[in-house]
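Every number here is computed from the coordinates shown, using simple stated rules; none is lab data. Quantities reported herein were computed from a predicted structural model and do not represent experimental measurements. Cβ placement follows ideal geometry from the backbone for every residue including glycine, while neighbour counts extend to all protein chains displayed.
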Amino acid sequence: MKYDFKKIEKNSQDFWAKSKVFETKNDSSRKKFYVLDMFPYPSGDGLHVGHIKGYTATDIVANYMRMKGFNVLHPMGWDAFGLPAENYAIKIKKNPKEVVAQNIAKFKGQLQSLGFSYDWSREINTTDPEYYKWTQWIFIKLFEKGLAYQDEIPINFCPSCKTGLANEEVQSGECERCHTKVERKNLKQWILKITDYADRLLNDLEDLDWPEPIKEMQKNWIGRSEGSEIKFQISNSKLQIKVYTTRADTLFGCTWVVLAPENDLVKQLESKIENLNEVKEYIEKSKNKSDLERTELAKEKTGVELRGLRAVNPINGKEVPVWIADYVLAHYGTGAVMAVPAHDQRDFEFAKKYNLLIKEVVIPTVTDPIDPPKPDEPVVFRNAIQAIVINPNNNKILTLCWQKQPWTTFITGGIDDGEDATEAAKREIYEETGYKNLKFIRKLGGLVDSNFYANHKKENRKAHFQALVFELLDEEKDQISDKESAIHQLVWKTWEEIKNDGNLKCSEFNIWLDRFSNPENAFEDHGILINSNSFNGSDSETAKRKITEKLRKSGHGDFAINYKLRDWVFSRQRYWGEPIPIVHCKKCALRDPSGQGVVAVPEDQLPVKLPEIENYEPSGDGTSPLSRVESWVNTKCPKCGSEAKRETDTMPQWAGSCWYYLRFTDPKNDNKLISNEADKYFSPIDLYIGGAEHAVLHLLYARFWHKFLFDLKVVNFKEPFKKLKNVGLILAPDRQKMSKSRGNVISPEEIIGQFGADSLRMYEMFIGPFDQPAVWAKNGITGVSRFLENVCLSFEKNNKKDETIGTNLSQLINLITQKIEKSLFNTAVSDFMKFAKTVELTKMNKEQWDVFLKLLSPFAPHLSEKLWLENSNSNSIFSSLWPEAQNIEQQNYNLVVQINGKRKAVLEINKNLDRKEIENLVLGQKKIAFEVKRDKIKKIIFVEKKLINFVV
RNA sequence: GGGCGAGUGGCGGAACUGGUAUACGCGUAGGUCUCAAAAACCUAUUCUCGCAAGGGAUUGUGGGUUCGAUUCCCACCUCGCCCACCA
């Protein structure tokens, strides 16, 4: 008898189909468990071994929960609208409908060959009119609530797919599907107001049991930002420029304001702009740039000043110039920013290029860690300098090594009245060193606020230091006074040597070094304010609040919140999607111009079926292929009955997957999307498994629709997916993603033919930690295959009772149970292997085999079912109950003996011995006694039932 | 540039909450069986010194906390993923 997996698989699968063990009833008297895979897109290539990893995990959980007594909902369906099927259909000149039907048949066959326990009676398909009728229904509800609107805006357009894209579908400036660079195009689009849900989408993340990185990605994508909106009055005009900023504390440093080229204000101000031609030319140029071009060419910022215009900074009444520049995004905030070049890198670069004023208003603050200010001493303020004198011959820097104190410093001194910083520095250098010939190189950024206690004067000092860099031209110097030379010695050192100088007394050092190495950086951190009138001395956080409050009082600003999230561009100019159920009626438009003649198709006329047409290739001119189907486009207005035209754009691929998980709870309902009872019983999803690539696509869109349906009271829970787990990718043996074009795809058929479905399932789990990527190793599967064969053959040999098996089996029950609960499938498989290694399977009796097979059944269902039935059971193993472990206490345990934390021995200890007895026993061991003399023991660390450590 | 995560044998990886590092599997070597080979089974397998008994080193690198660190803290290096002019 050998392990004939082909026969076993067929028998088990036939048995399950006949006995219908995997069909789920809406039986609300039982505890439910809803475990779901992200349903696949049935492409022409079929499934590869990478897809199966997630499905195997959900199947293990489904089987396990079933045996735990839950009414498990574990369904499967097809997300079949969208580009891949359509493109493939165009290529092979067939209708997408036919192609999809073929692909689904292939996928379904593959899934069934793996013995997955899906309830196929609930199978759904997003391209089925009975399904998309409800997708359209949701759209109409969105429209009725004002959450679906039309607008002509510049959108991302993929020239290869010939359709508009949502923001989420653009990745680093490329189309998510085909990686073509996207273009900007002005198109009249249907847009969904997902931004209305931004705060709820963000806040409700908190309660979800999702992987932190996914939550983090959604948070970043939604991008909540707290700041202030500030109004700059335009001189000699009633108009104002509103800017959004998170750095109201830098308002005094604003030296110009910038509008996005698309900002409407530009048009309104045209009459005042002196260089209108230049401005128009610039606007025209930036219009044609894609977002990618705008950002990629970011190294060189461009802009044009609006000559003749000035804006008034509301905090100090100063007039500043107004610019337009395409580094300002029209769609974020107010489409205008205040430029603070001293404290914003982008503004800084812009100022350098166009020679604009840079005004410093925030400076970093440091406190001397060795001599911090003393609370009861007076504070004396000084403006001061530090001179960094470099010898260009060896790049060493002059430091002062103090005689009476263990200090190394730069040349330091106060600025006297009437002196500027450079003069003060030159004077100090001369006084302290005698060097006469120095070349001033540059100031090292702006000031630094420095706080310390001056021991020799018994006072606290608050100094604003300016660092200045000089080069020594020659060695010529005058003799300095004896008094001066007695204070310190001159020592030349490299930056590295100064950094590692243990006596360095310069809390500003890291700032100087950073500014020396990166001279072209604005100071963007928080700090304390200078040059800001009454706000001088406050810290950034406080200043943000106080400045905004002051503006609010004068009506020039207020606190504001912004989101990065943009509304969802929902139109696609392609054939293979749900038609948007809207009719455009000219007559209705005349009667009610505000409604623009946009009429929703009434519920009883749904679905608006996709017409079957010959030629469905995309046109690329921004219109959908449907617009060519006159017989379909021309219709009667459902409102007034006059001639009208259908909307020809279709919905994006994500529409169907936004609510499919709901339909599984009530898949055949003709009257409603789902019944309230079905939702109440099965929702929310207890475990959802899929790839991390949907973090800001499907998972965000679905949450949005779900919340909308919650508001409509169609669903009862505010979040659809209670617990989410990500499945790590399986890479081909060449460490690349598996894809047909790379020719590295490994198909399940290939593996099943050679090793069987159970081996494939177990290897998928054994390959590594579930959520991490793994590389498919051709030989890896032989280990699990040998294990299953061993199980099969051991069963055939006869049963004798072995007393030790009971304990081990009980341990195995605990291990497997915990590991399924925690998704540690890889070590669950190794636990089975370990068990088979320590226990002679042939010696297990009938009851022990029953238990063992139950544990194995979620992983290797075919073999387990077959042996279960052969072990004199008549019903499916999956209708049996999961085994409970009995606690069998061991008489002895292993104690680790360490000397100074190093393992020296492992002893078997009776559980009844107490600490003293154990110590004596251990020290009685020859080997230990040889190394540990009783009188030399400093300490004994004792960890109950685990370890004893002698410190000698 | 910002955020998140990860570095353990020849390879995939294991190690609970700070307590025997290298489980389990693959591969490799030797052996059993065989006329022979394959398969299967048995033994060995982190590195290093040693004939051996036994010793030493080791979880990316360097430091710290601790009786004891793969695990905690700090700095650095490398790789991966996501976002990227969001004011």
Mind sorting A:Val829, A:Val379 by how few other Cβ atoms lie within 10 Å of their own Cβ, fewest first?
-> A:Val379, A:Val829
Express in whole angstrom the spacing between the alpha-carbon centres of the stretch A:456-500 and the stretch A:270-292.
-> 53
Sparse-neighbourhood loop hits (trypsin sites (Lys or Arg not before Pro), the stretch A:170-262; DSSP loop; Cβ within 10 Å at most 13 others) -> A:Lys238
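What relative contact order, as a whole-number percentage, does chain A give when Cα pairs under 8 Å and 6 or more residues apart are counted?
Working: 1748 pairs, mean separation 141.3, N = 952.
15 percent.
Report the full-extension gain for the segment A:Lys546 to A:Met217: residue separation times 0.36 nm, less the Cα-Cα distance, to one decimal in nm. Please list the in-between numbers first.
Details: separation 329, 0.36 × 329 = 118.44 nm, distance 3.25 nm.
This chain segment gains 115.2 nm when fully extended.
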DSSP bridge pairs, chain A: antiparallel proportion in percent, nearest 5 | 70
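Residue separation times 0.36 nm, minus the C-alpha to C-alpha distance between A:Ser271 and A:Asn671: what's the value? Intermediate values should be presented prior to the final figure.
Working: separation 400, 0.36 × 400 = 144.00 nm, distance 5.96 nm.
Extra length from A:Ser271 to A:Asn671 when fully extended: 138.0 nm.
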Length gain on complete extension for the stretch A:Gln102 to A:Lys477, per 0.36 nm per residue less the alpha carbon to alpha carbon distance?
-> 125.8 nm
Quickly estimate the mean residue ellipticity at 222 nm for chain A, helices only: each DSSP H run with n ≥ 4 gives -39500 (n - 2.57), and the total goes over all residues, rounded to 500.
-> -10000 deg cm²/dmol
Measure off 7 Å from each Cα along the Cα-to-Cβ vector at A:Ser160 and A:Lys939, then give the distance between these two points in nanometres to one decimal.
-> 6.4
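For an R0 of 35 angstrom, estimate the FRET efficiency from the Cβ-Cβ distance between A:Phe381 and A:Lys436 and round to the nearest 0.05.
Approximately 0.65, to the nearest 0.05.
What fraction of the Cα pairs in the stretch A:794-900, stated in percent, has a spacing above 25 angstrom? Before the final figure, lay out the partial values.
Working: 1298 of 5671 pairs.
Roughly 23 percent, once rounded to a whole number.
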Once amide H atoms are placed 1.01 Å from N in the peptide plane, what residues at a sequence separation of 5 or more from A:Val775, or on another chain, have their amide H within under 5 Å of its amide H?
-> A:Leu731
Treating the beta-carbon of each Lys and Arg as +1 and of each Asp and Glu as -1, no other charges, what is the dipole magnitude of chain A about its Cα centre, to the nearest 20 debye?
-> 2140
Long-range amide H partners of A:Lys564 with built H, under 5 Å | A:Gly223, A:Arg224
With +1 on each Lys and Arg Cβ and -1 on each Asp and Glu Cβ, how big is the dipole of the stretch A:588-710 about its Cα centre, in debye rounded to the nearest 20?
-> 340
C-alpha center-to-center spacing [the stretch A:115-148, the stretch A:541-581] in angstrom = 30
For A:Lys188, other-chain or 5+-apart residues with amide H closer than 5 Å (H placed, Pro excluded) are none
FRET efficiency, A:Glu630 to A:Lys609 (Cβ-Cβ, R0 22 Å, nearest 0.05) = 0.85
Please work out whether chain A counts as rounded, prolate or oblate from its C-alpha gyration tensor, where a ≥ b ≥ c are the square roots of the eigenvalues and a/c under 1.5 means rounded, while otherwise a/b larger than b/c means prolate and anything else oblate?
-> oblate
Send over the per residue convex hull volume for the stretch A:733-809, Cα only, as a whole number of Å³.
-> 110
Roughly speaking, what is the centre-to-centre gap between the stretch A:898-952 and the stretch A:407-451 when only Cα atoms are used, to the nearest Å?
-> 66
